[in-house]
Amino acid sequence: MKEDSISLHTVWENSREIITKQKTDLELSHLNDSIAAIFCPGPFCYFVIDFYDMSIISPSKNLLDVIAISGEVTLNSIVAAIHPDDMQFVGVAEQACLDFLYKRLGSDKLLKYKMNYCFRAKHPEGDYRMYSHQGIILTVDENGGFGKCLNIVTDISHLTSGNNYKISLIGINGEPSYLNIDVGYNPNSVGDVLSNRELQIVQLIADGYHSKEIASKLNVSLHTINTHRKNILSKSNVKSMANLIARCVQEGLISQDS
């Protein structure tokens, strides 16, 4: 360890020609920007939402370089950049964060936690990328209602293209953190891709009926049922009807015994 320390100091001693020979001043604002850049693992921007009137204040100068905003920078234009397939998760994540803060931690802890989750959003170059979102409540009123919230959006597409669809509440100034909380969101839910008629057919198959019997029950042709079965497997992205039935039962979409 001592030799390593000496070696490190040797590097600095041998770099005297590029080390300043006079005392330099540091602006606090520059320090804050530098700290923020260090703790963000990619290109980032920030803005404050004032939830009193849903306005955007103090957006970073590079916001338009990080996420694709069409027209004026408003809450709606920022939300519009989110990938349509991730919009529902963002809503679930926001609600879960607020529920955790208010119902589990209490309103007195609002200023002591950072909310975090990920989503895809449109990049100015035109493609969708993975972003990490961090939200910090800055102001609360006398009744515990939150007002202004700092939002930091970081492009992490160089690190991952996947999303665990979980949230984290990260403690500030010694508060405990709660990481990777499951909010019950399943982006591959069968219920999101199958129609009511298709689920009805899956239920009948699970009940032991053959295609000809299902066609008779639903008063349609055998060809129609066979087409439904083919489409159901394709839309569900499963290998077999048995696997599909297991997933539907697990998600509560059909019953095991009807």
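For segment 216-236, the candidate set comprises residues that are within 26 Å of residue 189 (Cα to Cα) and of a type in the set (Gly, Ala, Ser); within that set, the residue that is modelled with the highest pLDDT is 234. Annotation: residue 234 fulfils all but one of (1) of a type in the set (Ser, Thr, Tyr); (2) part of a helix (DSSP H, G or I); (3) more than 30 Å from residue 126 (Cα to Cα); the unmet one is (3).
Results for (1) more than 20 Å from residue 55 (Cα to Cα); (2) aromatic (Phe, Trp, Tyr); (3) touching a strand residue (DSSP E or B) at 6+ places or on another chain (Cβ under 9 Å); (4) assigned to a strand (DSSP E or B), shown as yes or no for each residue.
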site: 100; (1), (2), (3), (4): yes, yes, yes, no
site: 103; (1), (2), (3), (4): yes, no, no, no
site: 117; (1), (2), (3), (4): yes, yes, yes, yes
site: 124; (1), (2), (3), (4): yes, no, no, no
site: 132; (1), (2), (3), (4): yes, no, yes, yes
site: 136; (1), (2), (3), (4): no, no, yes, yes
site: 143; (1), (2), (3), (4): yes, no, no, no
site: 152; (1), (2), (3), (4): no, no, yes, yes
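Only one entry in 122, 109, 114, 103 is touching a residue at least 60 places away in the same chain (Cβ under 8 Å) and surrounded by fewer than 20 Cβ atoms within 10 Å (Cβ to Cβ), namely 109. Against the list (1) modelled with pLDDT under 90; (2) under 30 Å from residue 112 (Cβ atoms), the condition residue 239 fails is (2).
Among what's in segment 23-50 and is modelled with pLDDT under 90 and within 23 Å of the chain's Cα centre (by Cα), pick the residue that is surrounded by the fewest Cβ atoms within 10 Å (Cβ to Cβ).
38
Scanning segment 81-96 for residues that are more than 14 Å from residue 153 (Cβ to Cβ) and among the β-branched types (Val, Ile, Thr) turns up just one, 92.
Given the condition assigned by TED's automatic domain parsing to the domain that holds residue 98 and touching a Gly at 6+ places or on another chain (Cβ under 9 Å), answer yes or no: does some residue in segment 160-182 qualify? Yes - at least one qualifying residue is present in segment 160-182. From the list 219, 163, 173, the one residue that fits, being closer than 30 Å to residue 124 by Cα and polar (S, T, N, Q), is 163.
For every residue, the table says whether it meets (1) aliphatic (A, V, I, L, M); (2) under 19 Å from residue 117 (Cα atoms).
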position	(1), (2)
54	yes, no
57	yes, no
61	no, no
71	no, no
74	no, no
79	yes, yes
82	yes, yes
89	no, yes
100	no, yes
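Residue 181 falls short on exactly one of the conditions (1) surrounded by fewer than 20 Cβ atoms within 10 Å (Cβ to Cβ); (2) at pLDDT below 95, and that condition is (2). From 73, 48, which residue is under 14 Å from residue 153 (Cβ atoms) and either part of a loop (DSSP other than H, G, I, E, B) or not assigned by TED's automatic domain parsing to the domain that holds residue 169 (or both)? Within the list 73, 48, the selection yields 73.
Could we say that residue 198 is surrounded by 15 or more Cβ atoms within 10 Å (Cβ to Cβ) and among the acidic types (Asp, Glu) here? Taking the combined requirement at face value, the residue satisfies it. Hey, any hits in segment 185-197 for a residue that's of a type in the set (A, V, I, L, M) and modelled with pLDDT of 90 or more? No, segment 185-197 contains no residue that is of a type in the set (A, V, I, L, M) and modelled with pLDDT of 90 or more. The set of residues in segment 157-175 that are within 26 Å of residue 51 (Cβ to Cβ) and part of a loop (DSSP other than H, G, I, E, B) comprises 163, 165, 172, 173, 175. Assessment of segment 246-258 against the conditions (touching an Asp or Glu at 6+ places or on another chain (Cβ under 8 Å) and at pLDDT 90 or above) yields no matching residue.
The values are calculated or read from the model by the stated rules, or taken from the named source; none is laboratory data. Source: prediction; values computed, not measured. A quick note on method: Cβ atoms are made from the backbone with ideal geometry, for glycine too, and the neighbour counts reach across all protein chains shown.
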